[in-house]
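Shown next, in C-alpha cells, is the structure this report addresses.
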Amino acid sequence: MRVLVTGGAGFIGSHLCERLLNDGHHVLCVDNFFTGSRDNVAHLLGQPGFRMIEHDVCLPLYADVEWIFNLACPASPIHYQIDPIKTVQTNVMGMLNALENARRFGARILQASTSEVYGDPAVHPQVESYWGNVNPIGPRACYDEGKRVAETLMSDYHRQAKVDIRLARIFNTYGPRMAENDGRVVSNFILQALRGEPLTVYGTGEQTRSFCYVDDLVEGLVRLMSAEGIHEPVNLGNPVEFTMRELAETVAWLCGQEAQVVFRPLPQDDPAQRQPNISRAKSLLGWTPTVQLEEGLRRTIDDFRRRRNMEPLPERRSTTAHRAPVMGPVAD
Ligand code: NAD
Ligand code: UDP
C-alpha cells in the first residue's frame, strides 16, 4: 500500500511508520515538527519506500495514497495547551484536509482519536457506546472537543461521501521515543527517578490510568486499518488499571530508587479514572495487548537512559511483591 501518516515524526507516528515499512508498505510521513522531531525518524530516512515532508496539516495536501493514518496533533496536556486555538485548528482543519484527501483518492482513513472523548467518565470501564462527560469550555477542551469534532467529521464523510473510515479511540500509550519534555506522567516519573528527584504526584495520586505499550497500540492500529467494514469507534488500550501512586512506586523501583513523592495540585478537569473496555477490539480484530506494564516500563526506561548516555538497567526480578509503600510527601 501507499500510506500517508500525518504526525509521523511523533512518538506513536514514528513507531507506526517503522512498522508499516517493515510490512512492505510505502510511507509518506508528514509533520510540522511541533512536538515530533527528525530524530524520531532518522533511522528511516534513506530507506527505500520512506519519504518525509515538512507540512502543516491545517493546509491542504493531496497525496495519491490508499491508506491515511491521521495522527497529527499534540497529545500531552502541556503541549496541546501551549496554543489551544492551534490545537483546535489542527484537529478540525487537519481532519477536514485529510478527509478531502481520502475522498479525492478513494483512500481508507484512520483517525487517531482518544479516550479523552469520554472526558471525566461517569461510566467505568469506558465502552464505545458511552457519549462522555467533557467540559466544553475548560483548558482540556481544545483537545477533547477538537477530537470529538474530528470524530463527527469522520462519521459525516462516511455517511455523506462514503469515505471508508476507521476510528481508533486510543488510551494512554507509552514507550521509547516519548518526548522528554511532554509533562506526561510516565516521562515525568522516569526522568525524576533517573535524576534521583522525588516524583511529582498530582492530587492524591488515587486517580487511575491504563497504560498501553506502543508496540501493542501500533499492532491494534494496523489491524483496525486492515480489517474490512469497521466504521464505528474502537477502543485501543491496555485494560489493566493503575493509580498514579502505584505507577510512581513501580517506576521508582525499576530505576533502583526509593519511591519518594511530592504532591502537586491536580490540574483542572483531570479525569479521576480511565480504563478501556476492549471487548470490541478483541472480537472484531482479535487484538489484545501483550506487554505488561513492568516490561514496557523497563524498555522505556532503557530508552530514556540511552538518550541520556546512561548504561542500560540492571536486571531486576519481575514481581509485584517489590512494591514498597510510597514514602512521601517530602518537603518541597
Ligand atoms: P506526539 O506529539 O508525539 O505526535 C504528534 C505529531 O503530530 C508530532 O510529530 C507533531 O509534530 C505533529 N503535529 C502536530 N500538529 C501538527 C500540524 N498542525 N501539522 C503537522 N504535524 C503536526 O503525540 P503522540 O503521543 O505520538 O500522539 C499521536 C496521535 O495519537 C495524536 O493525534 C494523539 O492525539 C493521539 N493519541 C495519543 C495518545 C497517547 O497516549 N500518546 C492517546 C490518545 C490519542
Ligand atoms: N500526573 C502526575 N504527575 C505528573 C504528571 C501527571 O501525577 O508528573 C497525573 C495527571 O494528573 C493525570 C495522570 O497522571 O492524572 C496522567 O497524566 P498524563 O498527562 O500522562 O495523561 P492524561 O491526563 O492525558 O491521561
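The values are calculated or read from the model by the stated rules, or taken from the named source; none is laboratory data. Just so we're clear, the structure is a prediction, and the values are computed from it rather than from any experiment. Every residue, glycine among them, receives a Cβ derived from its backbone with ideal geometry; neighbour counts consider all protein chains shown.
Looking only at the range 154-169, residues that are crowded, with 19+ Cβ neighbours inside 10 Å, of a type in the set (A, V, I, L, M) and more than 16 Å from the chain's Cα centre (by Cα) come to 3 in all. Comparison of ALA102, ALA63 shows that the only residue that is modelled with pLDDT of 95 or more and assigned to a helix (DSSP H, G or I) is ALA102. Filtered by the rule that a residue be within 18 Å of GLY296 (Cβ to Cβ) and crowded, with 19+ Cβ neighbours inside 10 Å, the range 200-214 gives ARG209, SER210, PHE211, CYS212, TYR213, VAL214. Selection of the range 1-43 for residues being surrounded by 20 or more Cβ atoms within 10 Å (Cβ to Cβ) and of a type in the set (A, V, I, L, M) yields VAL3, LEU4, VAL5, ALA9, ILE12, LEU16, LEU20, VAL27, LEU28, VAL30, VAL41. Listed conditions (1) under 18 Å from ILE68 (Cβ atoms); (2) assigned to a loop (DSSP other than H, G, I, E, B); (3) within 16 Å of ligand 2 (Cβ to nearest atom) are all met by ALA9, apart from (3).
For the range 66-80, residues that are surrounded by 17 or more Cβ atoms within 10 Å (Cβ to Cβ) and either of a type in the set (Phe, Trp, Tyr) or part of a loop (DSSP other than H, G, I, E, B) (or both) total 9.
What do you reckon, is ASN91 surrounded by 19 or more Cβ atoms within 10 Å (Cβ to Cβ) and within 8 Å of ligand 1 (Cβ to nearest atom)?
Considered against the rule, which asks whether it is surrounded by 19 or more Cβ atoms within 10 Å (Cβ to Cβ) and within 8 Å of ligand 1 (Cβ to nearest atom), ASN91 comes out as no.
Quick one: is PHE34 assigned to a loop (DSSP other than H, G, I, E, B) and more than 16 Å from ligand 2 (Cβ to nearest atom)?
Yes; evaluated as a whole, the condition is true for this residue.
Residues that are under 20 Å from the mean Cα position of the chain (by Cα) and more than 8 Å from ligand 1 (Cβ to nearest atom) were ranked within the range 44-79; the one that is nearest to ASN172 (Cα to Cα) is PRO77.
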